[in-house]
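Everything on this sheet refers to the single structure shown next.
Read-outs throughout are calculated quantities, based only on the coordinates presented, and are distinct from any laboratory measurement. None of the values given here were measured: they were computed from a predicted structure. Every residue, glycine as well, gets a Cβ built from its backbone with ideal geometry; the counts of neighbours run over all protein chains shown.
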Amino acid sequence: MTGPSHEVLRDIHRRMVRIRLFEEAAGRISEAGRMPGFIHLYVGQEAVAAGVCTALRDDDQVSSTHRGHGHLVAKGGDLSRMMAELMGKATGYCGGKGGSMHVCDLDLNMLGANGIVGGGVPIAVGAGFANKYRANGAVSVAFFGDGATNIGAFHEAANMAAALQLPVLFVCENNEYGEYTPRYLTMAIDDVVERAPAYGMPGTMVDGMDPVAVFEATTAAAARARAGGGPSFMECKTYRFYNHHGVQTLGMKYRSDDELNQWRAKDPIPRHEDLMVGAGAMTPDGIEAVRAEIAAEVEAAIDFAEQSPLPDPDDLLDGVYSGPADQRQPL
Amino acid sequence: MTGPSHEVLRDIHRRMVRIRLFEEAAGRISEAGRMPGFIHLYVGQEAVAAGVCTALRDDDQVSSTHRGHGHLVAKGGDLSRMMAELMGKATGYCGGKGGSMHVCDLDLNMLGANGIVGGGVPIAVGAGFANKYRANGAVSVAFFGDGATNIGAFHEAANMAAALQLPVLFVCENNEYGEYTPRYLTMAIDDVVERAPAYGMPGTMVDGMDPVAVFEATTAAAARARAGGGPSFMECKTYRFYNHHGVQTLGMKYRSDDELNQWRAKDPIPRHEDLMVGAGAMTPDGIEAVRAEIAAEVEAAIDFAEQSPLPDPDDLLDGVYSGPADQRQPL
Amino acid sequence: MAELTYLKAFNQGVRQMMDADSDIFVVGEDVGRKGGVFGSFAGLFDEFGELRMVDTPISEQAIVGLGIGAAVCGLRPVVDLMFMDFVLVAMDQLANQAAKLKYLFGGSARLPVTITTNGGAGLSAAAQHSQSLEAMLCHVPGLKVVMPSTPYDMKGLMVSCLRDDNPTVLVKHKRMYGVKGDVPAELYEVPIGEAHVVRPGADVTVVAYSRMVSESLAAADQLAAEGIGCEVIDLRSVQPIDTETVVASARKTNRIVVVHEAVRFAGLGAEIAAQVSEHAFDYLDAPVARVAAPFTPVPFSPALESRYVPDAPRIAAQIRTTLDRG
Amino acid sequence: MAELTYLKAFNQGVRQMMDADSDIFVVGEDVGRKGGVFGSFAGLFDEFGELRMVDTPISEQAIVGLGIGAAVCGLRPVVDLMFMDFVLVAMDQLANQAAKLKYLFGGSARLPVTITTNGGAGLSAAAQHSQSLEAMLCHVPGLKVVMPSTPYDMKGLMVSCLRDDNPTVLVKHKRMYGVKGDVPAELYEVPIGEAHVVRPGADVTVVAYSRMVSESLAAADQLAAEGIGCEVIDLRSVQPIDTETVVASARKTNRIVVVHEAVRFAGLGAEIAAQVSEHAFDYLDAPVARVAAPFTPVPFSPALESRYVPDAPRIAAQIRTTLDRG
Ligand SMILES: Cc1ncc(C[n+]2csc(CCOP(=O)(O)OP(=O)(O)O)c2C)c(N)n1
Ligand SMILES: Cc1ncc(C[n+]2csc(CCOP(=O)(O)OP(=O)(O)O)c2C)c(N)n1
Ligand SMILES: [Mg+2]
Ligand SMILES: [Mg+2]
């Protein structure tokens, strides 16, 4: 089969690099104590968000997780508004009210990161229902982790999508851990994709470090869904290069440095860059140029965020309700 | 293979007839307006409760559902205390506080019917955990319907039992409907047993109208569990002869009389009686004697229930807390 | 104006709104082909078909989540939870998701999802099918909660919920389906957050909602014979509540009794008592009294349940006590 | 008496009780090998092994259900829910199952399960990782709920929960883990349902619990400088609450301010206000005042969150207002 076009390869690459550089920067700022709260970095899993979102239409919706920066970036998120949100600034995507675990951009059909494991999956099913209701040919994507497939909301949502034959893609990012607990302790199956048949859903296993494989699997699943073929399930085998939250890498008790290093050797970005060069889709210089351009974008995002004002405490109650905020109470 | 002993065949039969005659009587009393609330009759599904419970030890626990009378009877429940509970009397299993949806007998290790679909499944998993913790060789059984496999609590419980390799039997009574909705509208799989592999659990499909088949499948699953082989899943194909609740039979909008009559032709009781006679386990007269004896037991249960006092309203708050009822408040 | 039952008024409100707005659909267990286990949606499946009257698996979390996602995408879902007790099964989607997303989305999102459910005791449905859990929902910023007590309010509040851009919860009382009352044929709104002074009176104010309004009115009738004038206020909305109306009445009568079917501890009666004393402290001649269920799960046996559910005699007795107080 | 942190006091109580009673085990996410994401159970896995320190899948409903079933079968589970916000995910198992089974079993069952969780705002953890949801749990008959504010109470209340035959919920405040205090080395109980008068005073009573106790004490210090004597009561248990102690203080000081971190509407402050006016109406010189969070999800940005969480200055300001009132 002929692979994706050079343009697609470059598109995928750009999305991956935007995620990587944004996340590395966010990690540095957080480590330096200049970012409130805690962040769950997406580094290592870029091929999944980039591969999936490159295969989507702009009007396709995605719902995300606590590890959601990558999904918003891959959907075209504005790095400045993202960084501002992570830093709790008024100019952030949520006006500083949501932070890392709640970044979203409804205009980009990114329906939000989510602090509740599995919480975003039923929401993607609702988006899929709306697409079917309107027969608009759009699909929705639920991103979730391996650990999330153990929670009830995932099960109900997957079965609901199958029962109603909704155009929904269930994308499991299997990084083999839920926080500090290895997957083998929490499920008695070898591969998460073994769960798809329980819903009567086609399931495919994809190398989550290969963005082209992810792109192609997504393209096929989305095409079937748009044609009324219903939902499907994708297991993407991947790995997070940093700790569950924060930026620690080596020397973690719950997983070995060896394991981490083996996965780092599969880093999707250099791998994809080699492929592009080999395919003549990009030159090494071109790649450097892209990296430099995005590095500048990230720097600008940091400046924007740092120079942005904090939210006005008097706006604390704005947005609790649409329309007259009739429950406002004196502080 | 040699089937179960004559004694086992008679045991199974007695349990089925006790369920059937109790339920028919409860239905008559309810229809006559002499029973508060609504009841979900087990008639038609007797082979499942009887087949499973005959294969269990007394110290094996079962958790049940809103359709739970049959499970308690099959575990050896006292028909008088059951009927008294259904009639809201002080002498009932729950002192009149629970009613049909909450009958239980902890001394018989019947951990209760349950009004929440799927609500009892995690509780059976907890009992299984206790058995493993104590290494007492006991197993627990979760009874639930086909519709219940669509709810999150079932999924989490099944996966938990598999992840922790607990001695739990998941017994799905697939009667093809959840209330008034046929199963094909609520799941995109042909057989519920297709859900077992999602948990890495062995699954078997059993004719739920054949108590011997249910007994043998349960015996095998329980033996594996007692030996440390972990949980397993059984789908029992069965049917309820009455409406979701109450006693209507024919003329229901959501399922056809033909379908009902086809299933009635598979009534597990006469079928099992023929088998016993053929096997020389019982004579027709012996069967008549058993039916007469149980009919008398049911009559006695009705008398007991009708003559029993109502609960004393002043006992309303008893049992909310163990020990000093420190939250008592004046009415 | 035709006379309709409480349940038919609901049904008519839903039907007329679905006629008027093709973005409205209904999703839940047995809501379609069956028309709802209580008949709430009778006839709508034939009229609107399976795309707009969606029968679902038994999956309360996914049902609510479907409503949230569809609402974020611009539809106006009616999400039906068969019994109010099942709200607890879907509490994460209701309280962590539906209630908070607008705020988390920086206020930009609209979330026009209406949850309808059936609450209340008195049918021997026991502890898991009889609860009144409104206090939990009212404690969650982002939700609005209404509990109508008449056919008129039922239709008008359902219309208001369906036109509201926030997640709303409408609770029907299972014992009131057959209650009849005049209901305008056309669409009309009963504003969310406006209480209704059902009966004016000078001596004491009785604040109630849902089925406790009729019990309170019955108590008021008894007491009228004794020359006691009760002002009965039907809150109608429990989130937000109409503090102004309640406080104005308290300042007039100087004595307040709050009545609800939920258990007393941490129930809405406490909130009303607290607000009244905050806003009318100097006017009160007696402490705000609460008539509510005792602190126990709802019992099955009618012998116990009749003791559990507050009724007119108990309300009347409390009113007398409140008035006797010097 | 050694000085221990709030978190170590919890850890010690669990460890010593597990030593004393082999029926006690701990189940939850990351509680075993990791020792809990906050370190609550540090060292216990090495000491007690994987049968008694059970790492689970991410399945809050099944985790609580496992605890219920094991308790019905005679064990004494500690069920850990990582964040109090996740209580909403398991609300059916907590409120429809754990809380009601004893009653449904005709009172015959014992249900010794202790739920431990971590609540409270102030760490920029945003709306789904910062809530104080005790009012919902306190509204459910069958549950007991404690929220310690010191290392001493932490250990003593955890011991009491583990020895209680009812479902109990112990809530740690995420911002207090490092707080130090004297803790006896041996096992001891702090009785569930007994408040603690932390600071005597004659002019006004401040009722608080969990982290708001220290904020209230800080306010009391400020006001002492102004010659105002605050009596500060730490409820410690929020279900049941020690009405007697609160009412006795109200009758003495005649003015009450209730402080909690949960949102005001339908929060516990309302229940306390209602009870105090029921039992001390004639003694009150001012309405019971409430200092609580405004009606909004917990915001992420420190700039907003610091406005959200009640603090000493806000408490002091309310106390002054309450005292200024004629
Ligand atoms: C309902 C719920 N339970 C627990 C948590 C705490 N938690 C946050 S992330 C996480 C692990 C999720 O694992 P997985 O789904 O595999 O995603 P990953 O972190 O590996 O990307 C847990 C347990 C939560 N946020 N929500
Ligand atoms: C959480 C929850 N949702 C909905 C209901 C209402 N309900 C009671 S029984 C039932 C159908 C259950 O179907 P199934 O599990 O197949 O059991 P069956 O009635 O067929 O024996 C439903 C939806 C409930 N009791 N609990
Ligand atoms: Mg993972
Ligand atoms: Mg069924």
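In sequence order, what are the phi-derived ³J(HN,Hα) couplings for the stretch D:6-11 according to the Karplus relation 6.51 cos²θ - 1.76 cosθ + 1.60 with θ = phi - 60°, rounded to whole Hz, with x for glycine and proline?
With coefficients 6.51, -1.76 and 1.60, one gets 3, 6, 5, 5, 4, 4 Hz.
If you bin the C-alpha pair distances of the stretch D:142-259 every 10 Å from 0, what whole percents do you get?
Spelled out per bin, shortest first, that is 14, 43, 32, 10, 1.
Evaluate peptide D:286-294: per residue, the Cβ atoms of other protein chains within 10 Å of its Cβ; return the mean as an integer.
Across D:286-294, the average partner-chain Cβ count within 10 Å equals 5.
Starting from the Cα gyration tensor of the stretch B:74-159, multiply each eigenvalue by 5, take the square root, and state the resulting semi-axes largest first in whole Å.
Calculated on Cα positions only, the semi-axes equal 25, 17, 9 Å.
Where the label is 7 Å out from Cα toward Cβ, how close does residue C:39 come to the same position in every other copy, in nm, shortest first?
Copy-to-copy label distances for residue C:39: 6.4 nm.
Trypsin sites (Lys or Arg not before Pro) within the stretch A:176-264: which are DSSP loop residues with at most 14 other Cβ atoms inside 10 Å?
Those that pass, being in a loop and sparsely packed, are A:253.
Ignoring everything except DSSP H segments at least 4 long, calculate the 222 nm mean residue ellipticity for chain C; use -39,500 (n - 2.57) per segment, divide by total residues, nearest 500.
-11000 deg cm²/dmol
If I take the Cα coordinates of the protein assembly as shown and project them onto the principal axes, what are the three extents in Å, biggest first?
The principal-axis extents, from largest down, are 95, 84, 73 Å.
For residue A:182, place a label point 7 Å from Cα along the Cα-to-Cβ direction in every copy; what are the distances to the other copies, in nm, shortest first?
For residue A:182, the other copies' label points sit at 4.8 nm, shortest first.
With the cut-off at 17 Å, report for the stretch C:236-278 the share of all Cα pairs above it, as a whole percent.
Distances greater than 17 Å cover 27 percent of the Cα pairs.
Could you please state, rounded to a whole Å, how far the C-alpha centre of the stretch C:142-189 is from the C-alpha centre of the stretch D:211-257?
Using only Cα atoms, the two centres lie 42 Å from each other.
What is the antiparallel percent of DSSP beta bridges lying wholly in the stretch D:131-260, to the nearest 5?
Rounded to the nearest five, the antiparallel share is 30 percent.
On a C-alpha basis, how far is the centre of the stretch C:284-310 from the centre of the stretch A:172-199 in Å? Whole number, if you could?
If we compute the Cα centre of each part, the gap is 48 Å.
What residue of chain B sits with its beta carbon nearest the rotation axis taking B to A, and at what distance in whole Å?
B:152, 1
Which one of A:304, A:22, A:215 has the biggest mean-square fluctuation once chain A is modelled by GNM with Cα springs under 10 Å?
A:304
Measure nothing but the geometry: give the 0 to 90° angle between the long axis through the Cα atoms of C:151-163 and the longest principal axis through the Cα atoms of chain C, rounded to 10°.
The two axes meet at around 50 degrees.
Quick check: Cα centre of the stretch D:1-48 to Cα centre of the stretch B:67-117, how many Å?
Here the answer is 38 Å between Cα centres.
Calculate the mean, over all residues of peptide D:122-134, of how many other protein chain Cβ atoms lie within 10 angstrom of the residue's Cβ.
The shielding value for this peptide is 6.
What are the distances, in nm and sorted shortest first, from the label point of residue A:28 to the label points of the same position in each other copy, with each label point placed 7 Å from Cα along the Cα-to-Cβ direction?
8.5
Using a 7 Å offset from Cα along Cα-Cβ at residue D:22, what residues in the stretch B:122-151 end up with backbone N under 17 Å from the label point?
The answer is B:130-138.
With contacts defined as alpha carbon pairs under 8 Å and 6 or more residues apart, what's the relative contact order of chain A in percent?
23
Relative contact order for chain C: what percent, with Cα pairs under 8 Å and sequence separation of 6 or more?
16
If a/c stays under 1.5 just call it rounded; otherwise compare a/b with b/c (prolate if a/b is bigger, oblate if not). Do that for the stretch C:209-325, with a ≥ b ≥ c from the square roots of the Cα gyration tensor eigenvalues.
Verdict is oblate for the stretch C:209-325.
Roughly what angle does helix C:60-72 make with the longest principal axis of chain C, taking Cα atoms, 0 to 90 degrees, to the nearest 10?
Rounded to the nearest ten degrees, it is 70.
By how many degrees, between 0 and 90 and to the nearest 10, does the Cα long axis of helix D:243-253 differ from the longest principal axis of chain D?
Roughly 20 degrees between the two axes.
Please express the Cα-Cα pair-distance distribution P(r) of chain D as a list of whole percents, one per 20 Å bin, running from 0 to the bin with the greatest distance.
Calculated over all Cα pairs of chain D, the distribution is 33, 57, 10, 0 percent.
Quick one: what Rg and Dmax do you get for the stretch A:156-267 from the alpha carbons, in Å?
Values for the stretch A:156-267 (Cα only, Rg and Dmax): 15.9, 48 Å.
Can you compute the helix-only [θ] at 222 nm over chain A? Use -39500 (n - 2.57) per DSSP H run of at least 4 residues, normalise by all residues, nearest 500 deg cm²/dmol.
The helix-only estimate for chain A comes to -13000 deg cm²/dmol at 222 nm.
Which of B:280, B:70, B:229 moves most in a GNM of chain B, Cα contacts under 10 Å?
Maximum fluctuation in the GNM of chain B, among the listed residues, is at B:280.
Let me understand the stretch A:286-327 better: what is its radius of gyration from the alpha carbons, and its Dmax, in angstrom?
18.5, 55
Just the ratio, please: alpha-carbon radius of gyration of the stretch B:226-331 over 2.2 N^0.38 Å, N its number of residues.
1.77
Let me know the Kirkwood hydrodynamic radius for chain A, please, with Cα pairs as the basis and the value in Å to one decimal.
After inverting the pairwise mean of 1/r, the radius is 20.2 Å.
Taking the radius of gyration and the Kirkwood hydrodynamic radius from Cα positions alone, what is the Rg/Rh ratio for the stretch D:51-173, to two decimal places?
A ratio of 0.95.
Pairs of alpha-carbon atoms within less than 8 angstrom and 6+ residues apart define the contacts here; what relative contact order does the stretch B:33-135 have, in percent?
Relative CO of the stretch B:33-135 lands at 29 percent.
Please check: in the Gaussian network model of chain A (C-alpha springs, under 10 Å), which one of A:78, A:318, A:274 has the largest mean-square fluctuation.
The residue that fluctuates most here is A:318.
Using a 10 Å cut-off on Cβ to Cβ distances, tally the other chain neighbours for every residue of C:32-41 and report the average as a whole number.
Mean shielding by partner chains, rounded to a whole number: 2.
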